[in-house]
1. Could you please find all residues in segment B:292-304 being part of a loop (DSSP other than H, G, I, E, B) and at pLDDT 95 or above?
2. Sort through B:195, B:275 and tell me the only one that's assigned to a helix (DSSP H, G or I), closer than 30 Å to residue B:312 by Cα and touching a helix residue (DSSP H, G or I) at 6+ places or on another chain (Cβ under 7 Å).
3. All but one of (1) under 19 Å from the mean Cα position of the chain (by Cα); (2) under 30 Å from residue B:305 (Cβ atoms) hold for residue B:60, so report the exception by its number.
4. Answer yes or no as to whether residue A:214 is surrounded by 15 or more Cβ atoms within 10 Å (Cβ to Cβ), touching a helix residue (DSSP H, G or I) at 6+ places or on another chain (Cβ under 6 Å) and part of a helix (DSSP H, G or I).
5. Which one of these does residue A:143 not meet: (1) buried (at least 20 other Cβ atoms within 10 Å of the Cβ); (2) more than 7 Å from chain B (Cβ to nearest Cβ); (3) in contact (Cβ under 8 Å) with a residue 40 or more places away in the chain?
6. Tell me which residues, restricted to segment B:90-102, are in a helix (DSSP H, G or I) and either more than 20 Å from the chain's Cα centre (by Cα) or within 9 Å of chain A (Cβ to nearest Cβ) (or both).
7. Which residues, counting only those in segment B:103-131, are more than 7 Å from chain A (Cβ to nearest Cβ), without any contact (Cβ under 8 Å) to a residue 40 or more places away in the chain and surrounded by fewer than 24 Cβ atoms within 10 Å (Cβ to Cβ)?
């Protein structure tokens, strides 16, 4: 277990219990698919954030575990639908649910998990936390449509467009997970805003590294297929930076690969070589290091238990180091 | 406009405003798809129920319109996902959203509408109403999986199994729509339970008649394709009753049609003729008349404004008469 989970170990066990309890269904298939996904070795980063951000202020009730479980369910529901939309075949070292049970089951079980997440939020009893998480859900769903539309436009994205996509795709739920920890611990708006901003930085780092590992990771280490984003034609930060650095000829090659769908194993290798040539990984590490420093600085402004602050720092540091 | 909408006319306008307000999105596609669905001439029965059940007790706030709009959004989100799962091509006299924009868009816009529905519930400010509607959402999603599993089992259903399916598919949201009207008007549990039970009866009648019109309706009157359920191989009440009445030879024919997927225009006509032969429509009308009488009796036990009681009766009567 990672260090930053130690101080919330017993609460994480409680979150797991709550998760299993809310996966129960009279219909076996619902339970089987939900368990397959929820128990598939995800690192439970999002619920850990809620527990850490409530623990920061000495929160002692039960509601933070309920909100943490709800956050994980929103995440799981999103994954189920994402994998259908992206036609993904592998996630966390196993075949995706849509590959095993079909798209229809994934859509409906996703809806079930999403509804169960709201039941848990209701149980937590905080309208303010509910409000924060339902707003996050809407932003996530909207962002998925934006990503679909961008993909269909078949054009290079600006860094700003990419930042917007990863915000709604990942950073929004990270930041809501942090903020509801503060909300449930009755912190004031100013503090909650800092938790929210910290979550945004962490989520951005997390997604950027994920997108980077799609080109630089090793099969068998990243839990999905290397090159997934490439073969789906997704424009991510490595490609945007490469495009900026590339010659006219290389740009033509990237245009063909991404917008005329000429994506083969050979072209994937060529992209990887070009990324090496222009030292894109170095550029990305500079970028995430800046975000990490901003995250650290936010944490230092939050008046909470230093043990928890340090755990959040470790978590951010770990997220940023995955590509090293 | 139907009579029963007259006493809630101004509130229905407010619900429409809220609906349009919450369809807004920076991403045009989200707005276009949402509007296509929500403005496609649905009768807004479910939000009307919430308004009528709050009006029963003289409710004067704003929250019932928010809950009513939320109920319509849950319904719309469910329709978007259903049409993907059922591969439906026509609904309410127009091509389904998945036909026009593809399955991926329908899945994601459904998620967006679902999230927006929770935002509106949060705005309404009643944890109890939120709890009731999130429970309904989970039951609806679970029921959809049950329906999918039953379909894959390729066997005749019992009436009890059918009743369970239509409960989660339709009656659950009708009953929640009614009950949150009472909840927001601060009625006690006993009254709210009666509203809930009334909604169950109404929803069951509504779905049974819908399923019946799939065989007995006239193209151009029911808003979707006649025979849709048949061609999808869905086992509905007309088929269950026909199977009970049929000879061994006729059962063999039904088995082939539904479980060996031998469904053609010719076999559809043969099913329609067999339904006539055994007077199945008459049997169904007996069944829905009993449900209608039970619904009326429940309404008479509810201590509320007689004008509203009468509107609810009219609504139930109208739902039951659609197949006449």
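1. If we filter segment B:292-304 for residues that are part of a loop (DSSP other than H, G, I, E, B), which is where we start, we get B:301-304.
Selection gives B:301, B:302.
2. Numbers: B:275 fails: closer than 30 Å to residue B:312 by Cα.
Selected residue: B:195, the only one of B:195, B:275 that is assigned to a helix (DSSP H, G or I), closer than 30 Å to residue B:312 by Cα and touching a helix residue (DSSP H, G or I) at 6+ places or on another chain (Cβ under 7 Å).
3. (1)
4. Working: surrounded by 15 or more Cβ atoms within 10 Å (Cβ to Cβ): yes; touching a helix residue (DSSP H, G or I) at 6+ places or on another chain (Cβ under 6 Å): yes; part of a helix (DSSP H, G or I): yes.
It is true that residue A:214 is surrounded by 15 or more Cβ atoms within 10 Å (Cβ to Cβ), touching a helix residue (DSSP H, G or I) at 6+ places or on another chain (Cβ under 6 Å) and part of a helix (DSSP H, G or I).
5. Every listed condition holds for residue A:143 apart from (3).
6. Step one: list which residues in segment B:90-102 are in a helix (DSSP H, G or I), which gives B:97-101.
Correct list: B:99, B:100, B:101.
7. Filtering segment B:103-131 for residues more than 7 Å from chain A (Cβ to nearest Cβ) gives B:103, B:106, B:110, B:113, B:117, B:120-121, B:123-124, B:126, B:128-129.
Keeping just the survivors that are without any contact (Cβ under 8 Å) to a residue 40 or more places away in the chain gives B:103, B:110.
Hit for segment B:103-131 is B:103, nothing else.
Matching residues to (1) part of a helix (DSSP H, G or I); (2) more than 30 Å from residue A:302 (Cβ to Cβ):
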{"position": "A:17", "(1), (2)": "yes, no"}
{"position": "A:40", "(1), (2)": "no, yes"}
{"position": "A:52", "(1), (2)": "yes, no"}
{"position": "A:69", "(1), (2)": "yes, no"}
{"position": "A:88", "(1), (2)": "no, yes"}
{"position": "A:105", "(1), (2)": "yes, yes"}
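The values are calculated or read from the model by the stated rules, or taken from the named source; none is laboratory data. Quantities reported herein were computed from a predicted structural model and do not represent experimental measurements. For neighbour counting, all protein chains shown are included, and Cβ atoms are generated from backbone atoms with ideal geometry for every residue, glycine included.
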